[in-house]
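The values are calculated or read from the model by the stated rules, or taken from the named source; none is laboratory data. Just so you know, these numbers come straight off a predicted model, no measurement behind them. Quick reminder, even Gly has a Cβ in these numbers, built from the backbone with ideal geometry, and neighbours come from all protein chains shown.
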Amino acid sequence: MSEPIKKVVIVGGGTAGWMSAASLGRFLEGKNVDVTIIESSALETVGVGEATIPNIVSYNKNLGINELDLIKATQATFKLGIQFENWHQQGENFFHPFSDYGMPINNIEFHQYINQANHQGAALNIEDYCFPAVLAKKGKFAQPHPNPPSPLADYQYAFHFDAGLYANFLKDFAMNLGVKHIDALINSVELNQNNGFISAVTLDNGEIVEGDLFIDCSGFKGLLIEEALQTGYEDWSQWLICDRAMAVQTELVGEPTPYTRSIAKSSGWQWRIPLQHRMGNGYIYASQFQTDDDAERTLLDSVQGATINQVRKFRFTPGRRKQVWNKNCVAIGLSSGFLEPLESTSISLIQSVIDKLLTFFPDQSFNQHDIDEVNRLHNDEVEHIRDFLILHYKATKRDDSAFWRHCQKMDIPETLAHKIAVFESRGHIIMRESESFEAASWLTMYNAFDIKQKRFDERIANMPFDVMSKNLAQMKQSIENAAQQAMQHQDFINTHCRANPE
């Protein structure tokens, strides 16, 4: 029987490093395993994402973190979804909620009824049949009931939080579990000459830190996974053409919304992420269609409130590392690849790789079949997210700039083309293994971008139109009544989880 892992070394801090440290610290609690994280206070972290998706709630819960404590410590607000503005056409908005729409009728998917009714001239808005979407429009928030009385009340939520404060919160959490912290730069990475595995890293103070398992959270450069192991990178910029980002913080103007805003511009898109104490703003754009100087003006001319810090800029190549796990190294966070934060998946992908690592946690034999399975699952998951993001660009009807005209004309992966074609045929939503987004999310995009089905479920023909209309009207009214009773988002925060002043 192979020897168990005795030393885990995490290279890099920030959100990815401290999420890894907290998870491994909890997972290995009570076991004779040394977990060490090496980060340098001299290096600035990118600060991955301030907007999350609902699996962050379960991540924190599984660690045993008190949610109210976390919200207060990170200046968090609640997130019911994302409002997309000007994506289909200028002046049009749609909402992507963390929820299904309506509920099945006679075991037939809800959207079949909505689409059939609209085909007959009803002009129904599917968002009216989604409780969190209606809450968001009213600026309200309510926590889901643990045992919802109806499928209409079954939904999820996520957070907007300060990524730096979240990393600090997890740092304290991890170190209380016994994770060791070294503040230093890495001068070199040592490889085992026999098998090519990483054996140790040498620090700028001359100290040598040995390990059995190494976690690369070093950011875009991929100090271990790429510079040392030369794993390789798969470039997806032929489909996702945005390759630059700028971010700036501003004072909060008005009350924070219970959703992220994604605002399409002439050569990219802008985000607005409201926290309790400030607004996070950023702009993702394609350098082949807009200069950096013009992009900075685009961002600064569209923010609200006085700026708090200088504009931060970075470049990226959309894509993924060819293997997220190579030999005895697992890449987590930006070192594993990068997809623009259009659907707030950065932190989710950190969490996902951590989950896979814990599920297939190795011993010192590093079984290659386990490693291959983790790589397969991760690659599939990232490809599905890639396709979901591409759909936002490809399906646009905007033709007011060269950027949007390019997006409409570009080729897309066959996996995405097939999904769209099957939905257009009969309204069927293909769901594959390792999907990050559920069927309702794909339905949101099909509906928002006016991708229509040509045929309808034959079973619907047995229901008279007036009966269908009555059922839909009752469902809509039930959601509206429930939303009216909810608290305003700011009032909910003030009552339950207001952060202490800075």
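Pick from the stretch 246-268 the residues that are closer than 26 Å to L416 by Cβ and buried (at least 22 other Cβ atoms within 10 Å of the Cβ): which of them is nearest to the chain's Cα centre (by Cα)? Looking at residues that are closer than 26 Å to L416 by Cβ and buried (at least 22 other Cβ atoms within 10 Å of the Cβ), I get T260.
None of D172, D154, D128 is surrounded by fewer than 16 Cβ atoms within 10 Å (Cβ to Cβ) and at pLDDT 95 or above except D172.
Residues that are in a helix (DSSP H, G or I) and free of Cβ contacts under 8 Å to residues at least 12 places away in the same chain within the stretch 441-468 comprise E458, A461, N462, D466, V467, listed in sequence order. Residues in the stretch 192-201 that are buried (at least 16 other Cβ atoms within 10 Å of the Cβ) and farther than 20 Å from G25 by Cβ: F197, I198, S199, A200.
In the condition set (1) in contact with a Lys or Arg (Cβ under 6 Å, 6 or more places away or on another chain); (2) surrounded by 22 or more Cβ atoms within 10 Å (Cβ to Cβ); (3) closer than 15 Å to A331 by Cβ, C217 is compliant with all but (1). Examine the stretch 282-295 for a residue that is over 24 Å from A402 (Cα atoms) and in contact (Cβ under 8 Å) with a residue 60 or more places away in the chain, and state whether such a residue exists. Looking for residues that are over 24 Å from A402 (Cα atoms) and in contact (Cβ under 8 Å) with a residue 60 or more places away in the chain, one finds none in the stretch 282-295, hence no. Here L357 does not qualify as surrounded by 15 or more Cβ atoms within 10 Å (Cβ to Cβ), of a type outside the set (K, R), within 27 Å of D294 (Cα to Cα) and at pLDDT 95 or above.
Quick check on the stretch 396-412: of everything there that is part of a loop (DSSP other than H, G, I, E, B) and out of contact with any helix residue (DSSP H, G or I) (no Cβ under 6 Å at 6 or more places or on another chain), which residue is surrounded by the fewest Cβ atoms within 10 Å (Cβ to Cβ)? This residue is D411.
Checked against (1) part of a loop (DSSP other than H, G, I, E, B); (2) in contact with a Lys or Arg (Cβ under 9 Å, 6 or more places away or on another chain); (3) charged (D, E, K, R), R386 passes all but a single condition, namely (1). The sole residue among H369, H378 that is buried (at least 18 other Cβ atoms within 10 Å of the Cβ) and either among the acidic types (D, E) or not in a loop (DSSP other than H, G, I, E, B) (or both) is H378. Within the stretch 391-426, the set of residues being touching a Leu at 6+ places or on another chain (Cβ under 9 Å) and either at pLDDT below 95 or over 18 Å from N86 (Cβ atoms) (or both) comprises I412, L416, K419, I420, F423. List pairs: first residue in the stretch 414-428 and under 18 Å from Q116 (Cα atoms), second residue β-branched (V, I, T) anywhere in the structure, Cβ distance under 9 angstrom, at least six positions apart or on different chains. Partner pairs satisfying both residue conditions: V422/I429; V422/I430; F423/I429; F423/I430; F423/I451; E424/I451; H428/V422.
Tallying residues that are at pLDDT 95 or above and among the charged types (D, E, K, R) within the stretch 32-60 yields 2.
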